[in-house]
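The values are calculated or read from the model by the stated rules, or taken from the named source; none is laboratory data. Please read these numbers as outputs of a predicted model, since none were measured by experiment. We place every Cβ from the backbone using ideal geometry, glycine too, and count neighbours over all the protein chains shown. Side chains are part of the model used for accessible areas, which takes the heavy atoms of the whole protein and leaves out ligands, DNA and RNA. Shrake-Rupley method; radii C 1.70, N 1.55, O 1.52, S 1.80 Å.
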Amino acid sequence: NAGVTQTPKFQVLKTGQSMTLQCAQDMNHEYMSWYRQDPGMGLRLIHYSVGAGITDQGEVPNGYNVSRSTTEDFPLRLLSAAPSQTSVYFCASSTQRGTEAFFGQGTRLTVV
Amino acid sequence: GENVEQHPSTLSVQEGDSAVIKCTYSDSASNYFPWYKQELGKRPQLIIDIRSNVGEKKDQRIAVTLNKTAKHFSLHITETQPEDSAVYFCAVDNYGQNFVFGPGTRLSVLP
């Protein structure tokens, strides 16, 4: 049981490039979410999904897309990377909203 | 949207003393209040949570209290140990678009 797995752990992008951060969970959780963590600002919700085929925006969705074609996977796409997207990104899953969230190990993204 | 404030931003205590961290929120519809601990370079992990129909919850040295009228909740750690040193985040969930974390409290337990 691996829990929540994120790849890659580190990534450097040039401004304007696109990329996908991968997130997979093997706990059969319905609820999955993406956060970004910036110094002094806690974690901010980017997008979330309550089940396969259903996604919704969080607090800071601009510049990011998500999809949920299976229960296990919830990739985050950066459409055109900007320096303001330099951050640590965490994926999390839980059985449903209002229960313990299990986080992945994080992806440290730098946009130059 | 929801606004979550967390105080203090840093806290230093002597080993064995108690630590208290307080969070306030703005949306009265919020009804789930977890606390997460994040050690340096690691992922956040849930340490305790409370729902709106409960006023207090304890788990060994950790407790959380909730005052829904005043819209604040607090984390209490007793008999602190060096391994309690970490950043602690409160969070507030109204089961809508808003699942909001506080900015964090860096706790240092001095031996």
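Whole-Hz Karplus ³J(HN,Hα) for region A:80-93, in order, using 6.51 cos²θ - 1.76 cosθ + 1.60 and θ = phi - 60°, x for Gly and Pro?
Karplus values, whole Hz, x for Gly and Pro: 8, 4, 10, x, 5, 8, 5, 5, 9, 10, 10, 9, 9, 9.
Are there trypsin sites (Lys or Arg not before Pro) in region B:12-48 that DSSP puts in a loop and that have at most 14 other Cβ atoms within 10 Å, and which ones?
Sites meeting the loop and neighbour criteria: B:Lys42.
Near the amide H of A:Thr86, under 5 Å away, which other amide H atoms are found, from residues 5 or more places off or on another chain, if H is placed in the peptide plane?
For A:Thr86, whose amide H was placed from the backbone, the distant partners under 5 Å are A:Val111.
For peptide A:94-103, what's the mean number of Cβ atoms from other chains within 10 Å of each residue's Cβ?
5
Among A:Asp26, B:Asp27, what's the order by accessible area (1.4 angstrom probe), most exposed first?
The ranking, largest first, comes out as A:Asp26, B:Asp27.
Dividing the convex hull volume of the alpha carbon atoms of chain B by its residue count, what do you get in Å³ per residue?
Convex hull volume per residue, Cα atoms: 92 Å³.
Beta carbons within 10 angstrom, averaged per residue: use that to sort the peptides B:81-89, A:3-11, highest first.
B:81-89, A:3-11
Among A:100-108, B:48-56, how do they line up by average Cβ neighbours within 10 Å per residue, starting with the highest?
A:100-108, B:48-56
What average number of partner chain Cβ atoms lie no more than 10 Å from the Cβ of the residues making up A:31-40?
Counting other chains' Cβ atoms within 10 Å and averaging over A:31-40 gives 2.
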